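Chemist: Okay, handing you the structure first.
The values are calculated or read from the model by the stated rules, or taken from the named source; none is laboratory data. The model shown is predicted, which means the values in this text are computed figures rather than measured ones. Glycine also receives a Cβ, built like all others from the backbone with ideal geometry; neighbour counts cover every protein chain displayed. Accessible surface is based on the protein model in full, side chains and every heavy atom, while ligands, DNA and RNA are left aside. Shrake-Rupley method; radii C 1.70, N 1.55, O 1.52, S 1.80 Å.
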Amino acid sequence: MKAVKVGLLGLGTVGTGVVRIVEGHQHDLLSQSGSPIEIAKVLVKDKSKARSIQVPEEALTENAWDVIEDASIDIVVEVMGGIELSKELILAALERGKHVVTANKDLMALHGPEILAKAAEKGCDIFYEASVAGGIPIIRTLIEGFTSDRITKIMGIVNGTTNYIMTKMSQEGAAYEDVLKEAQALGYAEADPTSDVEGFDAARKMTILSTLGFRSSVALSDVTVKGISSVSKEDITYGKKLGYEVKLLGIAESEDDRISISVQPTMVKQSHPLASVNGVFNAVYVYGEAVGETMFYGPGAGELPTATSVVADLVAVVRNLNLGINGRRGFVPYKEKKLKTDEQIESKNFIRLHVADRTGVLAQITQVFAEYEVSLESVLQHPNEQKQEAEIIIITHNANRAAMNKVLGRFNTMDVVLGIKSVYRVEG
Ligand code: NAP
Ligand code: HSE
């Protein structure tokens, strides 16, 4: 039986897992896809580097075009990362009629529409299951499992590094900087961890998920982003006292076909299933009008979990090859994108203020909320007698973002408000 030939771009964490699974599960893959799968060429930056797996010397190359221009290669698997070179190589592979599997969220979030259009033009498959939440098959679930429903909310813990940091800070009282170093040493963080801790990695993943979930072309610039670098131990402690865990959440909502997408540290009620997603694990909560609440949980990164998704995509391409239906499943966003205004984005909020500890101050604070029609759920006050200051923690009922911005703007002008220490969205 003729083998389907694969060109692997990258033999790092994910590429190594792909080789292990393709070699180790050959019989199952053949039974499920209908053809043997052979990794024929492998692109690396440095052939002389020591590797944890054996790849035949003649299969390794440092020249990407050896893979792209090899007419015998049917499928290109891009697991090298980066944006410009991987985009050029993927477009060139599609141009030559090769099918593509990629784990590259940065590329798909920024250039997804162009790549999908090229694949459609050439009748090629392009699959990218591993690009969001590594080992969780959430992309196939959104494209296929929810076709019959209207999704109104997607909330995701889609960055393992930040979830690991938040978990260690919450459970062990660890310091942010120390846990970040640990996450880097364990290989969870990106080469430059800024994209993890400032929320950009999660924003890219939410761009992909909301495009699929809301069936409209969401751009990375549509996502408002705030990372975890300003989350303090105090916020985590106060949150816990009030029954919340702080998580970096991607939140995408759709109401009357108007959508909003954001990434921010969020106070998640401890009774919500997302609050107990700990460590490097990921989870995606999806609410559909018909199905109601669903949640998908699993490893978001790592060699074998991520490779599981990549190889599942490979099997899908090979099946399509054997059925002669490649390029026909293409997901096409068909809804016009209408973004919510700040007046239409609503949430509960947690606000921590330092104020002067004087008679009437609390009344002045609550008066500002009343002026902008923001209703309060609870107010806690802790005096600091040595400094004649008080700390006030307020949880609002649902309030729109525009009103909250006005409230915070007013606090900035008030003498009695010594500092707005933190503001979090509240969920659950
Ligand atoms: P990695 O460990 O850094 O591996 C990258 C591989 O690509 C290496 O083998 C490297 O060669 C090769 N490479 C990089 N640039 C190259 C170039 N210019 N020319 C030739 N070869 C080049 O990366 P990774 O963690 O496996 O991630 C790969 C992709 O999967 C990324 O898009 C990432 O975002 C995505 N992803 C990763 C995970 C995860 O858990 N790691 C999870 C989900 C998605 P050398 O080996 O010679 O250096
Ligand atoms: N740096 C990413 C994370 C890797 O921490 O989730 C998986 O995309």
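Chemist: Would you call Glu144 outside any loop (DSSP other than H, G, I, E, B) and modelled with pLDDT under 95?
Modeler: On the way: outside any loop (DSSP other than H, G, I, E, B): yes; modelled with pLDDT under 95: yes.
Taking the combined requirement at face value, the residue satisfies it.
Chemist: Here is a further query. Considering only segment 351-361, I want to know if a residue exists there that is acidic (Asp, Glu), surrounded by 17 or more Cβ atoms within 10 Å (Cβ to Cβ) and touching a residue at least 40 places away in the same chain (Cβ under 8 Å). It would help to see each step written out before you state the result.
Modeler: Start the filter on segment 351-361 by keeping residues that are acidic (Asp, Glu), which leaves 357.
Among the residues that remain, those that are also surrounded by 17 or more Cβ atoms within 10 Å (Cβ to Cβ) are: 357.
Going one step further and asking which of them are touching a residue at least 40 places away in the same chain (Cβ under 8 Å), we end up with none.
Looking through segment 351-361, none of the residues is acidic (Asp, Glu), surrounded by 17 or more Cβ atoms within 10 Å (Cβ to Cβ) and touching a residue at least 40 places away in the same chain (Cβ under 8 Å).
Chemist: Return only the number of the condition from (1) closer than 20 Å to Asp106 by Cα; (2) within 10 Å of ligand 2 (Cβ to nearest atom); (3) crowded, with 22+ Cβ neighbours inside 10 Å that Ile165 does not satisfy.
Modeler: Of (1) closer than 20 Å to Asp106 by Cα; (2) within 10 Å of ligand 2 (Cβ to nearest atom); (3) crowded, with 22+ Cβ neighbours inside 10 Å, only one is false for Ile165: (1).
Chemist: Given Ala174, Ala117, which one is closer than 24 Å to Asp222 by Cβ, out of contact with any Cys (no Cβ under 7 Å at 6 or more places or on another chain), free of Cβ contacts under 8 Å to residues at least 24 places away in the same chain and away from ligand 1 (no atom under 16 Å from the Cβ)? Quick ask: steps written out before the conclusion?
Modeler: Values: Ala174 fails: closer than 24 Å to Asp222 by Cβ.
Step by step, each of Ala174, Ala117 is checked, and only Ala117 is closer than 24 Å to Asp222 by Cβ, out of contact with any Cys (no Cβ under 7 Å at 6 or more places or on another chain), free of Cβ contacts under 8 Å to residues at least 24 places away in the same chain and away from ligand 1 (no atom under 16 Å from the Cβ).
Chemist: Where residues in segment 390-407 are of a type outside the set (S, T, N, Q) and open to solvent by 30 Å² or more (accessible area, probe 1.4 Å), which of them is nearest to Ser378 (Cα to Cα)? Spell out the reasoning first.
Modeler: First, pick out the residues of segment 390-407 that are of a type outside the set (S, T, N, Q): 390-395, 397, 399, 401-404, 406-407.
This time we only want the ones that are open to solvent by 30 Å² or more (accessible area, probe 1.4 Å), so: 397, 401, 406.
Numbers: His397: 9, Arg401: 19, Lys406: 20 Å.
Result: His397.
Chemist: Follow-up question, since we're still on this one. Looking at segment 300-330, which of its residues are within 16 Å of ligand 2 (Cβ to nearest atom), open to solvent by less than 30 Å² (accessible area, probe 1.4 Å), at pLDDT 95 or above and not hydroxyl-bearing (Ser, Thr, Tyr)?
Modeler: Within segment 300-330, Ala307, Val310, Asp313 qualify.
Chemist: How many residues, within segment 230-262, are part of a loop (DSSP other than H, G, I, E, B) and within 17 Å of Arg352 (Cα to Cα)?
Modeler: Applying the first criterion (part of a loop (DSSP other than H, G, I, E, B)) to segment 230-262 yields 230-232, 242-243, 256-257.
Then drop every residue that is not within 17 Å of Arg352 (Cα to Cα), which leaves 230-232, 242-243.
Count: 5.
Chemist: Output the number of the condition that Thr141 fails; it satisfies all remaining conditions of (1) touching a helix residue (DSSP H, G or I) at 6+ places or on another chain (Cβ under 8 Å); (2) more than 16 Å from ligand 1 (Cβ to nearest atom).
Modeler: Result: Thr141 passes all but (1).
Chemist: Go through segment 150-162 and give me each residue that's more than 16 Å from ligand 1 (Cβ to nearest atom) and buried (at least 16 other Cβ atoms within 10 Å of the Cβ).
Modeler: Ile151, Thr152, Lys153, Ile154, Met155
Chemist: Filter segment 280-333 down to residues that are in a helix (DSSP H, G or I), more than 16 Å from ligand 1 (Cβ to nearest atom) and under 20 Å from Leu9 (Cβ atoms) and give me whichever is farthest from the chain's Cα centre (by Cα).
Modeler: Leu321
Chemist: Can you tell me which residue in segment 120-138 is farthest from ligand 1 (Cβ to nearest atom), limited to those that are part of a loop (DSSP other than H, G, I, E, B) and among the small types (Gly, Ala, Ser)?
Modeler: Once the filter is applied, the top-ranked residue is Gly123.
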